[in-house]
Ligand SMILES: O=C(O)CCC(=O)c1ccccc1C(=O)O
Ligand SMILES: [Mg+2]
């Protein structure tokens, strides 16, 4: 297949509720949507980079820059047989995983549509439905957190993940266990807010039967995590530290974690996510699909990858209404039964694009053509 045209659309949508983590406060979702065209077909991708580089080094502008300067021209210069080639073509460029993933994801959707397959099928997924959990930000008080947890348990979420940070860790977890009992599938995500100096505090979390503690230490660390894992009963799950299949191999060999959170964007796309999944399956390490508060296109990609067999732990792919009053796909992604999403069977991502919603959220649009000049529309950012 030859990619003839690529469109980038920068959108900004308010979140239904502010999201606070140890990294800061988010009130809006801002991201880039990608369309890749070939013949009569179009595939959709989404960049998950945040508006500020607090989670990884990329942001919305660096993704746009990389796509425009390197990734789109590189793709135009080649004919490809299979989307696995895209990450190979991009591999000479260091990092910028989320930029690479945004375009690669559009090519995967395009490929699946051209071949009349669902994205899940194209990736080798086997699940018809996926179990999902919820990621709850840091609330101003423990009582407010308990009220939110109560609501999400009632909604049927299969896993409750709470964000923790120094000063908001052992007590909120203790309160959740005290109020809702030992059977709630509970975990904590620190987004790298601790160091080994906090080992005594982190060991206290062992009392609460957490499914895992996600990324307690440095965003770039696997050594101290191995030391910590030796001291903890609770499995450590790595998120920020894993950018490549090799990172995962080393972390597993060192004993830095017992579980891995796979985010398609963080590992440079669906082909790498699948390879990482396969490595973990071979090593007996369970994986789950993390989230970056994606709008519907990225969310649909998450559902497709989570349909692979070793995604045995509920992921962070909540229904659209958990984040937005309006999504870029229609109908909005929702449960088929409490805590369960259906894996679409239609071609590609399997959801219809809500063009009107995209237009309402649009900040900037640019079209790139393999054989022509690019055209830009800048919409004033209100
Ligand atoms: O609901 C979601 O999409 C997951 C939210 C979440 O936890 C998160 C959101 C933005 C950046 C990092 C993380 C994380 O998993 O650490
Ligand atoms: Mg995380």
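By DSSP, the beta bridges lying fully in the chain are antiparallel in about 65 percent of cases.
The alpha-carbon atoms of the chain define a convex hull whose volume equals 125 cubic angstrom per residue.
When 220, 51, 247, 189 are ordered from fewest to most other Cβ atoms inside 10 Å of their Cβ, what list results?
On the way: 220 11, 51 14, 247 19, 189 26.
In increasing order of surrounding Cβ atoms, one gets 220, 51, 247, 189.
With one equal scatterer per alpha carbon and no solvent term, the Debye-computed log10 I(q)/I(0) for the stretch 121-348 at 0.08 1/Å reads -0.27.
Counting only C-alpha contacts under 8 Å and six or more residues apart, can you give the relative contact order of the stretch 236-382 as a whole percent? Could you put the intermediate results ahead of the total?
Numbers: 196 pairs, mean separation 22.1, N = 147.
Relative contact order for the stretch 236-382 comes out at 15 percent.
Evaluate the relative contact order of the chain (contact order divided by residue number), counting alpha-carbon pairs under 8 angstrom at least 6 apart; express in whole percent. Before the final figure, lay out the partial values.
Working: 836 pairs, mean separation 83.3, N = 382.
Relative contact order of the chain: 22 percent.
So how far apart, in nm, are the two label points at residue 82 and residue 249 if each is 7 Å from Cα heading toward Cβ? About 1.9 nm, to one decimal. If you take the Cα centroid of the stretch 181-252 and the Cα centroid of the stretch 275-345, the two points sit 22 Å apart. Axis angle, to the nearest 10 degrees, between helix 97-114 and the longest C-alpha principal axis of the chain: 60 degrees. Only Cα pairs under 8 Å and 6+ residues apart enter the sum, and on that basis the relative contact order of the stretch 121-348 stands at 23 percent.
Going from the fewest other Cβ atoms within 10 Å to the most, the residues 311, 324, 208 appear in the order 208, 324, 311. Under the simplified labelling scheme, the residue 230-residue 65 pair shows an inter-label distance of 4.1 nm, with each label point 7 Å from Cα along Cα→Cβ. When the Cα atoms of the stretch 1-41 are aligned to their principal axes, the ranges along those axes come out at 44, 18, 12 Å in descending order. Between residue 355 and residue 325, the C-beta separation translates, for a Förster distance of 22 Å, into a calculated FRET efficiency of about 0.80.
Where a number appears in this text, it was derived from the coordinates with a stated rule and is not lab data. If you're wondering where the values come from, they're calculated on a predicted model, not measured in any experiment. Every residue, glycine among them, receives a Cβ derived from its backbone with ideal geometry; neighbour counts consider all protein chains shown.
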